[in-house]
Amino acid sequence: MTRARWAVATMAVAALGVGGLANVVDDRYLASGWHTTVHGVEGEDVVGGTFQVHVHGATAAQALADDEPVPSAGWYVVVDLSYATTDEWSTPEEVVLVDRDGREFTHPGGFGSTGAPWLAGPDIWFRGTLLFEVPEDALESLSLVVRGERPRPILPGTVARVPLTVTTTAEPLVVERGSLLPRRER
Amino acid sequence: MSGQAPDPYDDRAQVARDEATAEPSPALVRAAGPADDGALAPERSRVTTVVAAVALVLGLGAWGWFATEDARDGWWALGEHVAITPDDDGWVEVAPVRLRLVGAEADVRTGPGTAPPAGFSYLELTFEVTSEETEAYRSCEVEVLDEQGRLFLAGREVPGLGDDYVSELMCGTSDPEDDPVPSTQATLVLVPDDAVPVSVRVDSRDFPPASFVELPLP
């Protein structure tokens, strides 16, 4: 084959290669959300994207404390945690519980901002509790997943995932709003 | 098949193949004139190669341009990429707003019961603001950039101190008679003690896409 034909053949192979690579990237990452998971543990700081998270613990009960206890058909779970950002004031886009089967549990409706994620600043930590509602068979395999950025499929992102040890109690659970912590406290 | 007589058509096919591959006679070559392979083939190959290369580059470029449309739009429109800096007198104009930073006081004391948490302090920023906007209310967000690249938002986790401080600058008004834009406006920013502020950023949804005001701190 002449040099010109080699060049054409090389370009054709390159075009096919780039197209194939684009298809793989689109199929594996862009179409389903391109993200990396950072794994943490309770009691330690973990940085996932632009959020720093510190999980203190999780408690489950079948009622929430209010003027009259609010019962659940399943279990309420409150996660005691602190978090701050790394760059600017922001609220996590989404915080969910995930069980071993991949089921995701979000903040339950009907509670307004009670037990929902709050605003935090760069190295300005807040501590409070997040509220979830789960079926009983999920209690033993829950992880907290903090998605700091909007899960945009066009840009890669990072999430923090912390496995929880959930303690059950017969007492109705109390939900605490996020409050500012003194520097370096968690 | 074994046991059968040879096919008589095999011989004719062989003759046809021989004629097709045989060298042309010198007479035929003369009648056909000069061959064009020798002079034109390399030139045509080069043209083909160049055209293919250009087509490949254009194709990949077009694909990349369309494939990244959302990312480019989002990155540009949602981010702060074009800093508007002050003139020699410290004024910045992003029509219809003009403003300048006239004071920055660190570690401001705000009185009993309003002290910042341990490890934090309040930074007080004072601005002069003029606006020709008289049709709609406009606000401008204020942030402090530190050496580590952190942005601290004004008006968050700071005490409400009556009319002394605003959480966002008023940059336009729909009622210039009864509710004019104050010419002097101050705000408080909660900053960690280890922060070394380097500049103040002012941004608004009404600013041109990707633009923001950057005011250096002394």
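The values are calculated or read from the model by the stated rules, or taken from the named source; none is laboratory data. The model shown is predicted, which means the values in this text are computed figures rather than measured ones. Cβ atoms come from the backbone with ideal geometry, glycine included; neighbour counts cover every protein chain shown.
Scanning the stretch A:99-120 for residues that are within 16 Å of A:Arg177 (Cβ to Cβ) and not hydrophobic (A, V, I, L, M, F, W, C) turns up A:His107, A:Gly112, A:Ser113, A:Thr114, A:Gly115, A:Pro117. Being over 24 Å from A:Val166 (Cβ atoms) and touching a Leu at 6+ places or on another chain (Cβ under 7 Å): is that true of A:Trp75 here? No, not satisfied. The set of residues in the stretch B:79-125 being closer than 25 Å to B:Thr173 by Cβ and exposed (fewer than 15 other Cβ atoms within 10 Å of the Cβ) consists of B:Asp87, B:Asp89, B:Gly90, B:Trp91, B:Glu93, B:Ala95, B:Val102, B:Gly103. A:Pro92 meets all of the listed conditions (1) surrounded by fewer than 21 Cβ atoms within 10 Å (Cβ to Cβ); (2) under 14 Å from the mean Cα position of the chain (by Cα); (3) of a type outside the set (Asp, Glu); (4) not in a strand (DSSP E or B) but one, namely (1).
Scanning the stretch A:63-101 for residues being within 14 Å of chain B (Cβ to nearest Cβ) and either in contact (Cβ under 8 Å) with a residue 40 or more places away in the chain or touching a Lys or Arg at 6+ places or on another chain (Cβ under 8 Å) (or both) gives a total of 9.
Listed here are the strands (runs of 3 or more DSSP E) enclosed by the stretch B:87-185 that have at least 2 residues being within 14 Å of chain A (Cβ to nearest Cβ): B:120-131, B:138-146, B:151-153. Residues in the stretch A:102-125 that are farther than 24 Å from A:Val70 by Cβ and at pLDDT below 95: A:Gly102 only. Assigned to a helix (DSSP H, G or I) and surrounded by fewer than 16 Cβ atoms within 10 Å (Cβ to Cβ) - does that describe any residue in the stretch A:40-58? No, every residue in the stretch A:40-58 fails to be assigned to a helix (DSSP H, G or I) and surrounded by fewer than 16 Cβ atoms within 10 Å (Cβ to Cβ). In this structure, A:Arg161 does satisfy being modelled with pLDDT of 95 or more, touching a Ser or Thr at 6+ places or on another chain (Cβ under 8 Å) and surrounded by fewer than 19 Cβ atoms within 10 Å (Cβ to Cβ). Take the stretch A:1-29 and flag every residue that is more than 9 Å from chain B (Cβ to nearest Cβ) and modelled with pLDDT under 80. Within the stretch A:1-29, A:Met1, A:Asn23, A:Val24, A:Val25, A:Asp27, A:Arg28, A:Tyr29 meet the criteria.
Any residue at all in the stretch B:65-82 that's hydroxyl-bearing (Ser, Thr, Tyr) and within 11 Å of chain A (Cβ to nearest Cβ)? Yes; the residues of the stretch B:65-82 include at least one that is hydroxyl-bearing (Ser, Thr, Tyr) and within 11 Å of chain A (Cβ to nearest Cβ).
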